[in-house]
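Notes follow once the structure below has been shown.
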Amino acid sequence: MISLEEAFQRLDAALPDIRLTTQRLLLQQCHGRVLAADVPSRIDLPPFDRSAVDGYALPAGEEQSEYELLETVAAGRPGRAGVLPGTAVKVMTGAPLPAGTARVAMIEYAHETNGRVRIDRHPGESNLRRRGEDLRAGQTLLQKGQALGALEIAALKACGVSEVDAVVPPRIFVISTGDELVDRLEDLSPGKIINSNGPLLRGLAEEHDLIVEGQMVVGDDPAKIEDALRRAVQVADIVLLSGGVSVGDYDYVPGVMKNLGFTIHFNRIAVKPGKPTTFATSEGKVIFGLPGNPVAVYVMFHLMVLRAVARLSGRRSSPVELLVKMGPSYHRGSGARLAFIPARITDDGSVETVDYHGSGHLTALVGADGFVVVPQGVTKIEAGEPVRFRQFSGG
Ligand code: AMP
Ligand code: MG
């Protein structure tokens, strides 16, 4: 059994960085994609000196209580006048600043009468935004490896970018193994369970903008698993199997991987849940043999599968792990493995574990916000102690 850190290192070592192909995409096609190259801004932002408030553009020099009002300038409609000593121009938020503007007095603290404006309170700050102060043309806006969501796409658009080079997402194939699996309630009979790992893995893959090429259920039959796997690796970059990787009599998955010529980099990790997680590669193809228990599948998808995706696509990811105050104390019998315990954040901001019966208890996750991470060797966390809390989500 190896540590989670060791498993990460072996996974990284087995996967060369960025080997997926890239393609040029219009901005409207690239939601969820990963940038294949740095993207510079094409323009200065803001593109011109502009007012940050509705108010009066004032000249440099000594503050006066009254100014002669020259004209009004709206956003999108540049004015003609520049401000000279003793004069002001009325400007709206976002309006281009008249030449000579040193600061903008807010409309709320001024009065207009007969072509003049009286300033009741001079601004404490300039209230103007200079051309290029956010970003200059040619300056890098987003770096290679950045995943593109609504925010990034809006920022690209604001910078005048209309096309980017993006990585083609990894193709995924999902195989759920187990004689006990059925897909429909009508087929449920004694000893059978509904296949939840299939939809879980497909859904997680789709949530992370991966391409799911197919999904199937196969019984605990080595020949059938081998056949399914052989076909899956032909159409996918990453195959996600669940079930059949442990030490039970019908756990055939690791043997099948070897038969197909795959190199197994690890198959036992000191982590709970997810101990029998098996990772194998061959000629650019990746197979994860995930445990059958759905909570293990959920945790290992985020820890291992997304890490592999990041390696293949060059995607930069920074998992969010917080230190949170433990609510009621926590105790476990053995500290042999690093553990992920489903937990929720309470109204007072501390964390409490949810009712959880082990890694088969998928429905416990529905009421959890994330996982308390209990290090190897630790069996007790006192109430009020800082504890590692990990949330799995989009990035
Ligand atoms: P295994 O890893 O095959 O020993 O399975 C461990 C546990 O996970 C068993 O209780 C299985 O019934 C359960 N399991 C396996 N595959 C699935 C699946 N696709 N959906 C839900 N539970 C599963
Ligand atoms: Mg099984």
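Label sites at residue 352 and residue 369, each approximated as a point 7 angstrom past Cα along Cα to Cβ, lie 1.3 nm apart.
When you count the other C-beta atoms within 10 angstrom of each residue and take the mean per peptide, 229-237, 151-159 line up highest first as 229-237, 151-159. The relative contact order of segment 268-395, computed from alpha carbon pairs under 8 Å that lie at least 6 residues apart in sequence, is 28 percent. Between segment 118-169 and segment 292-363, the alpha-carbon centres lie 35 Å apart. Normalised by the number of residues in segment 269-344, the mean separation of alpha-carbon contacts (under 8 Å, six or more apart) gives a relative contact order of 35 percent.
Exposure check, 1.4 Å probe, all protein chains in place: residue 329 carries approximately 60 Å² of accessible surface.
Expressed in units of 2.2 N^0.38 Å, where N is the residue count, the Cα radius of gyration of segment 139-197 is 2.11.
In terms of the Cα gyration tensor, with a ≥ b ≥ c the square roots of its eigenvalues, is segment 207-330 rounded because a/c is under 1.5, prolate because a/b exceeds b/c, or oblate?
Judged from the Cα gyration tensor, segment 207-330 comes out oblate (a/c at least 1.5, b/c at or above a/b).
Gain in length, residue 385 to residue 84, computed as 0.36 nm per residue apart minus the alpha-carbon separation, to one decimal in nm?
Gain on extension, residue 385 to residue 84, equals 102.1 nm.
For the residue pairs 192/380; 192/272; 272/325; 224/275; 144/285, the C-alpha atoms sit more than 28 angstrom apart in 192/380.
Centroid-to-centroid, using Cα positions, segment 12-79 and segment 177-198 are 53 Å apart. Using a probe of 1.4 Å, the accessible surface attributed to residue 186 totals some 130 Å² when neighbouring protein chains are kept in position. Our coupling estimate for segment 207-217, obtained by passing each phi through the Karplus curve with A = 6.51, B = -1.76, C = 1.60 and θ = phi - 60°, is 4, 9, 6, 8, 9, 8, 7, x, 8, 8, 10 Hz, Gly and Pro reported as x.
Taken along the Cα-to-beta-carbon direction at a fixed 7 Å, the label points for residue 9 and residue 74 span 6.6 nm. Once the mean 1/r over all distinct Cα pairs of segment 117-225 is inverted, what Kirkwood radius in angstroms do you read off? The answer is 19.6 Å. Building the convex hull from the alpha-carbon atoms of segment 1-122 and averaging its projection over directions returns 14.4 nm². Coupling constants for segment 34-50 follow from the phi torsions by the Karplus curve (6.51 cos²θ - 1.76 cosθ + 1.60, θ = phi - 60°), and in residue order they are 10, 5, 8, 8, 4, 10, x, 6, 8, 9, 6, 10, x, x, 8, 5, 9 Hz; glycine and proline get x. Taking 7 Å steps out from each Cα toward its Cβ at residue 183 and residue 316 produces label points 4.1 nm apart. Think of the chain as having a plus end and a minus end, set by charges on the Cβ of Lys, Arg, Asp and Glu; of 189, 340, 232, 232 sits farthest toward the positive end of this dipole.
When its C-alpha radius of gyration is set against 2.2 N^0.38 Å (N residues), the chain gives a value of 1.38.
Dipole of the chain computed with +1 at Lys/Arg Cβ and -1 at Asp/Glu Cβ about the Cα centre; of 323, 362, 241, farthest Cα towards the positive end is 241. Using 16 Å as the cut-off for backbone N distance, which residues of segment 335-356 belong to the label zone defined by a point 7 Å from the Cα of residue 247 along Cα→Cβ? Output list for this probe position: 336-337. Taking every alpha-carbon pair under 8 Å whose residues sit at least 6 apart, the chain reaches a relative contact order of 16 percent. Remark: segment 250-394 is approximated by an ellipsoid whose semi-axes, taken from the C-alpha gyration tensor as √(5λ), come to 31, 17, 13 Å, largest first. Ranked by solvent-accessible area (1.4 Å probe, protein heavy atoms only, all chains present), the residues 341, 287 order from largest to smallest as 341, 287. Take each peptide in 164-174, 44-54, count the other Cβ atoms within 10 Å of every residue, and average; sorted highest first, the result is 164-174, 44-54.
Extension gain for the segment residue 111 to residue 21, taken as residue separation times 0.36 nm less the Cα-Cα distance, is 26.2 nm to one decimal.
Here the Karplus relation 6.51 cos²θ - 1.76 cosθ + 1.60, evaluated at θ = phi - 60°, turns the backbone of segment 117-134 into coupling constants of 10, 9, 9, 6, 9, 6, x, x, 10, 6, 6, 10, 10, 7, 3, x, 6, 7 Hz, with x for every Gly and Pro.
Put simply, when 269-279, 105-115 are sorted by average Cβ atoms within 10 angstrom per residue, most first, you get 269-279, 105-115.
The values are calculated or read from the model by the stated rules, or taken from the named source; none is laboratory data. As the structure is a prediction and not an experimental result, all values here were calculated from the model. Methodologically, a virtual Cβ is constructed for each residue, glycine included, from the backbone with ideal geometry; neighbour enumeration extends over all protein chains shown. We work out accessible area using only protein heavy atoms, side chains counted, and drop any ligands, DNA or RNA first. Shrake-Rupley method; radii C 1.70, N 1.55, O 1.52, S 1.80 Å.
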